[in-house]
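Participant: Below you'll find the structure I mean.
The values are calculated or read from the model by the stated rules, or taken from the named source; none is laboratory data. Note that the structure is a prediction, hence the values are computed from the model and not measured. Here the Cβ positions follow ideal geometry from the backbone for every residue, glycine too, while neighbour counts run over all protein chains shown. In case anyone asks, the SASA skips ligands and DNA or RNA and just uses the protein heavy atoms, side chains included. Shrake-Rupley method; radii C 1.70, N 1.55, O 1.52, S 1.80 Å.
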Amino acid sequence: MKNLLSYISATLTVFLLLASCIEDGFDTSPSAQPQFSVDTLRMGVSFTEQPTPTARFTVRNRNSKNISISRIALRDDADGHFRINVDGFAGREFSDVEIRPNDSIFVFVEATLPPNSTPQLTDIFAHLDFTTNGVTSSVVIMATGQDVARRRGYIVTADEHWDATYPYQIFDSLIIAPGARLTLDPGVTLHFHDKAELRVFGTLTALGTPELPVNMTGDRTGNVVGDISFDLMASQWEGVTFMPGSRGNRLEHTIVRNTVNGVWADSLSQATFVNCRLRNAAVYPLVSRHADLTLIGTEVAEGGDGLFAMMGGRAVANHCTFANYYLFKAISGPALHLVHFSEESAVEGWDAPFLEADFSNCIIYGLGEDIDHGDFTGCNVFFRSCVFKSEGEDDDNFIACFWDTDPLYGTVRSDYYFDYRLQPDSPVIGLADPLLTLPAAAHDFYGTPRLPAPTPGAYQTLLPAMEGEE
């Protein structure tokens, strides 16, 4: 019995010692304050009159005891632009929010910003006050509003001219009817909502400049997670289609990105791209089906199935970069996919002329294969002074090419950094054939002259960090 009592006494002692280590009391000292992951919650730029993306920050208790935040409340938000969720509960004011030692809670913030009635960005501020043990601390909330011109299922039936006063947000579709022309001024941005598309039956003219390119992109703003921007995400909208018979299309310094299907040029359509970027498509950034395409100084990059699919028709590419470092799946096809260029590659039932393609001073280099395996002998498909990843050799269709040569892009895929300008130690700088540089390719996307010693690919300009060393 004595041993049993001793055992019980020892057990109770251990239990009491353990219990004393669990502190359920509250620290009521004014010095016991929460810590915030930010002083100012910057929510970024969002379109007015529609909900912003959700932003968040954390509130931590670094103290050894519990703390109780007696009041959390919005201030300077009389018009109710902001919405708050604290630890899973929505409201504008909260009481007695407890945080255990070395624990934290999340605060989520959304807003719907009022119209600015001006093209300029407008900052909206509020404060979220936290009162703990008689001391009030605040986190500044800042959201920036951008007015947009919204177009829903819009059809251009006569010639229209869109300027860059406001960006445009496209819902459902933007259609250019047969016989109509839509002209986009320098600096115009078209933001396409989920599943929206641009279909061109008539004619599209996009006149960007090095300083003010035309942009066609999705309408999601901010970051997907952490520092990863929505600018990196494909499949945000459907893409651009030049419908059968659409002619006279010309895009200069125009960026088309974040699509499902990229740019499609359908039967007998015609389009010219000068110093453009067609990038980040879930399928192909560029597809031509018996169309007539001219690409000069253009980057075609990042496609889930490949970069440029050509089925018959005509294609001229001069000083273009074809680079595939697509993020979101294993790339399923070569950068250049050529069909209907010979009897062997003909598409059954298509009684159309075989493909005529001329690639000069281009770079074809990236993950996956650079070009379909096939015999171009006797076909009107030529590559002149081009840089390839493949270990090949010249013949009648491949003339003065650079084989198995890494051009050294600035892109670092693992860091989500995509820049297809070349590093200063690139082995191909100045090696393009100047006799093949077309007049329209005299300057690159950034306005840098190519001649007298042009570099293959879309960019004569080197990486910005290195420009001062030239």
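Participant: Can you give the alpha-carbon Rg of segment 372-470 over 2.2 N^0.38 Å, where N counts its residues?
Facilitator: Details: Rg = 15.0 Å, N = 99, 2.2 N^0.38 = 12.6 Å.
In units of the globular-protein estimate, segment 372-470 measures up at 1.19.
Participant: Taking only the Cα atoms of segment 53-136, how large is their convex hull per residue, in Å³?
Facilitator: On the way: hull volume 8.7 nm³, N = 84.
Given the Cα convex hull of segment 53-136, per-residue volume reads 103 Å³.
Participant: For the chain, which whole-number percentage of the solvent-accessible area (1.4 Å probe, protein heavy atoms only) is attributable to carbon and sulfur atoms? Numbers along the way, then the final one.
Facilitator: Details: 11360 of 21500 Å².
Within the chain, the accessible surface is 53 percent carbon and sulfur.
Participant: Here is a follow-up. Note down the net charge around H337, summing +1 for each Lys or Arg and -1 for each Asp or Glu among other residues with Cβ under 10 Å from its Cβ.
Facilitator: Details: positive: none; negative: D305, E369, D372.
Local net charge: -3.
Participant: A further question on this structure: Would you mind checking the tilt of helix 2-21 against the longest principal axis of the Cα atoms of the chain, expressed as 0 to 90 degrees and rounded to 10?
Facilitator: Computed tilt is about 60 degrees.
Participant: How big is segment 387-429 on each of its three principal axes, counting only the C-alpha atoms and giving the largest first in Å?
Facilitator: Result for segment 387-429: principal-axis Cα extents of 40, 19, 13 Å.
Participant: A further question follows. Quick one: check the C-alpha center-to-center distance for segment 224-295 versus segment 394-444, whole angstrom.
Facilitator: Cα centres, segment 224-295 to segment 394-444: 21 Å.
Participant: Report ³J(HN,Hα) in whole Hz for each residue of segment 360-372, in order, from the Karplus equation J = 6.51 cos²θ - 1.76 cosθ + 1.60 where θ = phi - 60°; Gly and Pro get x.
Facilitator: 9, 6, 9, 10, 10, 7, x, 5, x, 6, 8, 7, 4
Participant: What whole-number value in Å² describes the accessible area per residue of the chain for a 1.4 Å probe?
Facilitator: Working: 21500 Å² over 470 residues.
On a per-residue basis, the chain sits at 46 Å².
Participant: Eigenvalues of the Cα gyration tensor times 5, then square-rooted: what semi-axes does that give for segment 245-366, in whole angstrom, largest first? Walk me through the numbers on the way to the answer.
Facilitator: Numbers: eigenvalues 87, 59, 35 Å².
Rounded to whole Å, the semi-axes are 21, 17, 13.
Participant: Among A309, F130, G145, whose Cα sits farthest toward the positive end of the charge dipole of the chain (+1 at Cβ of Lys/Arg, -1 at Cβ of Asp/Glu, about the Cα centre)?
Facilitator: Positive-end residue among those listed: F130.
Participant: Which whole-percent values make up P(r) of segment 134-226 when all C-alpha to C-alpha distances are grouped in 10 Å steps starting at zero?
Facilitator: It works out to 15, 41, 25, 9, 6, 3, 1, 0, in whole percents.
Participant: So, one more: Ratio of alpha-carbon Rg to the 2.2 N^0.38 Å globular estimate for the chain, to two decimals, please. List each step's numbers first, then the result.
Facilitator: Details: Rg = 29.6 Å, N = 470, 2.2 N^0.38 = 22.8 Å.
Output field value: 1.30.
Participant: If you average the sequence gap of Cα pairs under 8 Å that are 6 or more apart and divide by the length of the chain, what percent do you get for the contact order? Please report the intermediate quantities before stating the final value.
Facilitator: Working: 1334 pairs, mean separation 36.0, N = 470.
This gives 8 percent for the chain.
Participant: Using packing as a proxy for protection, rank 148-154, 180-186, 62-68 so that the peptide with the highest average count of other Cβ atoms within 10 Å comes first.
Facilitator: Working: 148-154: 15.0, 180-186: 18.7, 62-68: 16.6.
Packing proxy ranking, top to bottom: 180-186, 62-68, 148-154.
Participant: Determine, for each peptide in 157-165, 387-395, 430-438, 202-210, the mean count of other beta carbons within 10 angstrom over its residues, then list the peptides with the highest first.
Facilitator: Details: 157-165: 13.1, 387-395: 15.2, 430-438: 17.1, 202-210: 20.3.
Those peptides, ordered most packed to least, come out 202-210, 430-438, 387-395, 157-165.
Participant: Taking all protein chains together and a probe of 1.4 Å, list D419, D87 from the most accessible to the least accessible. Please list the in-between numbers first.
Facilitator: Details: D419 20, D87 80 Å².
Heavy-atom accessible area, descending, gives D87, D419.
Participant: A further question follows. Please state the charge dipole magnitude for the chain, taken about the Cα centre, from unit charges on C-beta atoms (+1 on K and R, -1 on D and E), reported in debye and rounded to the nearest 20.
Facilitator: On the way: 31 positive and 60 negative charges, 347 e Å.
Using Cβ point charges on Lys, Arg, Asp and Glu, the chain gives about 1660 debye.
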